[in-house]
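A quick write-up on the structure given underneath.
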Amino acid sequence: MSDIDILRPMRNNPLQFLSDELETLKQQGLYRPLRILESEQGAHATFDHKSVVNLSSNNYLGLTTHPKLREAALQAVRKYGTGSGSVRTIAGTMEMHMELERRLAAFKKVEAVVVFQSGFTANAGTVSAVLTKEDVVISDELNHASIIDGCRLSRAAIKVFPHKDADAARKIMKDLPAAQRKLLITDGVFSMDGDLGPLPALCDVAEEFGAIMMVDDAHASGVFGRQGRGTVDHFDCHGRVDIQVGTLSKAVGVLGGYVAGTKDFIEFLYHRARPFLFSTSHPPAVAAACLAAIDVLENEPHWMQQLWDNTKYFKAGLQRHGFNTGRGESPITPVIVGEAPMAAQMSDRLFQAGVFAQSIGFPTVPRGQARLRTIVTATHSRQDLDYALDRFGAVGKELGVIA
Ligand SMILES: Cc1ncc(COP(=O)(O)O)c(C=O)c1O
């Protein structure tokens, strides 16, 4: 008997149903062990003792290892230590947190910004603070889980429209009482398909019905718009989107989420957003590295240029092989293969061949649309991309995914 068994009381395991569910996942080919990263999160990385070309991170611009971010984080640790020690509303607001919010507001060209611990808490905390059970949210069917959770927490009625269908959103709006408060919400870039929310058309709908317009730009921050300002800038929808969410965890290379809007709205979130009120603020190193990342976005445009050059090159290569790359318009390029076990098998075969492209199956994507989700970064070399394309071609043929 192990030590763990001795500690466990002698009774039936009330969590047995979870073990049963895990067993079902295994039988359905939906169980995926975690890959363990043993190096920096780079274009090349070592996972599970294997050196691979890494096509699975959200480190779009390679900023996780940028010398300026590293140095800023190190200096912050030396000067301020490792933790902030409190939630923002008690003793955990450091000058650096405020500076980061001011810099982000100037960068996004809005009145004010509040930073959360993650993009997830930014979305969930904002939607649940703004809406009540009297209100209604009109949401794209493929919006991120953090939006869905925020909607559920708010207890507002949830009306889902088919993916990117602004006319369907309009029809839903028409049937709602004029006086009811409405929030129309979309991802800027959809995380599993890499396509863009139809912002101009959705802004039209929101304006027609007096709805609050909200965009989650997690995958657009640092990727779309001038200097990576996001899809609102990309589509020139400035002044038409009331609530913009961005993340600091992906292209920005660190951790966190932010909400951009009017000064009063942000002050409201300071008082009502539950992750802001009830969870400790970022360590100094995180805030300092995020500040350095804004400098990099503003002063080193070649990273974005390189990201987009690599994206076009890699996507074209996959398409030349005959892969189904879906409707991606961003550096996220799905390789759709069908059922989850096939996606898992292909991902594993590629991994053995030195390329890491994680498989994604149900429930993250619909059944029958399991895929390998690829993301190239600014720091991949042409040699890396050629190597990955070559292996994709070989494994795709071996498994009959392409002819
Ligand atoms: C569309 C979208 N929104 C929000 C998030 C959450 O961002 P974070 O990783 O910073 O919590 C993600 C990340 O997975 C995402 O893909």
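The values are calculated or read from the model by the stated rules, or taken from the named source; none is laboratory data. Remember, predicted model here, so these are calculated numbers, not experimental data. When we count neighbours, we look across all protein chains shown, and the Cβ atoms used for this are built from the backbone with ideal geometry, even at glycine. Keep in mind that these areas ignore ligands, DNA and RNA; they rest on the heavy atoms of the full protein, side chains included. Shrake-Rupley method; radii C 1.70, N 1.55, O 1.52, S 1.80 Å.
According to the Cα gyration tensor, what semi-axes, each the square root of 5 times an eigenvalue, does the equivalent ellipsoid of the range 277-403 have, listed from largest to smallest in whole Å? Present the calculation step by step, with values, prior to reporting the outcome.
Numbers: eigenvalues 193, 81, 32 Å².
For the range 277-403, the semi-axes come out at 31, 20, 13 Å.
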### Message
Once ligands and nucleic acids are excluded and a 1.4 Å probe is used, how much of Glu141 is accessible, expressed in Å² to the nearest 10?
### Response
100
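Suppose the chain between Met10 and Gln180 were pulled fully straight at 0.36 nm per residue; how much longer would it get relative to their current alpha carbon spacing?
Working: separation 170, 0.36 × 170 = 61.20 nm, distance 5.43 nm.
Using 0.36 nm per residue and subtracting the Cα-Cα distance, I get 55.8 nm.
Expressed as a rounded percentage, what relative contact order does the chain have, with Cα pairs under 8 Å and six or more residues apart? List each step's numbers first, then the result.
Values: 792 pairs, mean separation 85.9, N = 403.
Computed over the chain, the figure is 21 percent.
Whole-Å semi-axes of the chain's equivalent ellipsoid, largest first, each the root of 5 times a Cα gyration tensor eigenvalue? Let's see the in-between values first.
Working: eigenvalues 212, 141, 134 Å².
Taking √(5λ) for each Cα gyration eigenvalue gives 33, 27, 26 Å.
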### the range 94-216 - Rg and Dmax from Cα coordinates, angstrom
14.9, 47
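For the chain, which whole percent of the accessible surface, found with a 1.4 angstrom probe, sits on carbon and sulfur atoms? If you can, show how the numbers build up before the last one.
Working: 9890 of 18430 Å².
The C+S portion of the solvent-accessible surface of the chain is 54 percent.
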## Note on the structure
Sparse-neighbourhood loop hits (chymotrypsin sites (Phe, Trp or Tyr not before Pro), the range 17-53; DSSP loop; Cβ within 10 Å at most 14 others) -> Tyr31
### Inter-label distance for Arg155 and Glu71, nm, one decimal - labels placed 7 Å from Cα along Cα-to-Cβ
5.3
### Task
Provide the convex hull volume over Cα atoms per residue for the range 25-174, in Å³.
221
### Length-normalised contact order for the range 1-150 - Cα pairs under 8 Å, 6+ apart - percent
9
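For the full complex of protein chains and a 1.4 angstrom probe, list Thr280, Thr65 by accessible area with the highest value first.
On the way: Thr280 70, Thr65 40 Å².
From most accessible down to least: Thr280, Thr65.
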### Task
Calculate, for the range 109-218, the solvent-accessible area per residue in square angstrom, rolling a 1.4 angstrom probe over the heavy atoms of the protein chains.
38
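Which semi-axes, in whole Å and largest first, does the equivalent ellipsoid of the range 122-183 have when worked out from the alpha carbon gyration tensor as the square roots of 5 times its eigenvalues? Could the numbers behind the result be given before it?
Values: eigenvalues 67, 47, 10 Å².
Its equivalent ellipsoid spans semi-axes of 18, 15, 7 Å.
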### Query
Given only helices, namely DSSP H runs of n ≥ 4 each adding -39500 (n - 2.57), what is the per-residue ellipticity at 222 nm of the chain, to the nearest 500 deg cm²/dmol?
-13000 deg cm²/dmol
### Query
Quick one: length gained pulling Arg367 to Ala394 fully straight, 0.36 nm per residue minus the C-alpha distance?
7.2 nm
### Query
Just how far, in whole angstrom, is the range 255-306 from the range 172-219 if you go by their alpha carbon centroids?
23
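Given 0.36 nm per residue, what is the gain on full extension from Ala91 to Glu300 after removing their alpha carbon distance, in nm?
Numbers: separation 209, 0.36 × 209 = 75.24 nm, distance 3.49 nm.
Value of the extension gain: 71.7 nm.
Order the peptides 366-376, 70-80 from the highest to the lowest mean number of other Cβ atoms within 10 Å of their residues.
Working: 366-376: 22.0, 70-80: 15.5.
Per-residue mean Cβ counts within 10 Å order the peptides as 366-376, 70-80.
With r as the distance between the Cβ atoms of Gln352 and Gln41 and R0 = 25 Å, compute the FRET efficiency 1/(1 + (r/R0)^6) and round to 0.05. It would help to have the intermediate numbers written out before the result.
Numbers: r = 21 Å, r/R0 = 0.84.
So, using R0 = 25 Å, E works out to roughly 0.75.
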### Query
So what is the relative contact order of the range 206-315, in percent, for Cα pairs below 8 Å that sit 6 or more residues apart?
21
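Take the Cα atoms of the range 189-288, build their convex hull, and give its volume per residue in Å³.
Values: hull volume 12.2 nm³, N = 100.
Cα-based convex hull of the range 189-288, divided per residue, equals 122 Å³.
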### Task
Order these peptides, 351-359, 121-129, 48-56, 213-221, by their mean beta-carbon neighbour count within 10 angstrom, highest first.
213-221, 121-129, 351-359, 48-56
### Task
Compute, for Glu111, the solvent-accessible surface of its heavy atoms (probe 1.4 Å) with the complete set of protein chains present, and express it in square angstrom to the nearest 10.
130
### Task
Just check the range 348-403 against the gyration tensor rule for me: Cα atoms, a ≥ b ≥ c as the square roots of the eigenvalues, rounded for a/c under 1.5, and otherwise prolate or oblate depending on whether a/b exceeds b/c.
oblate
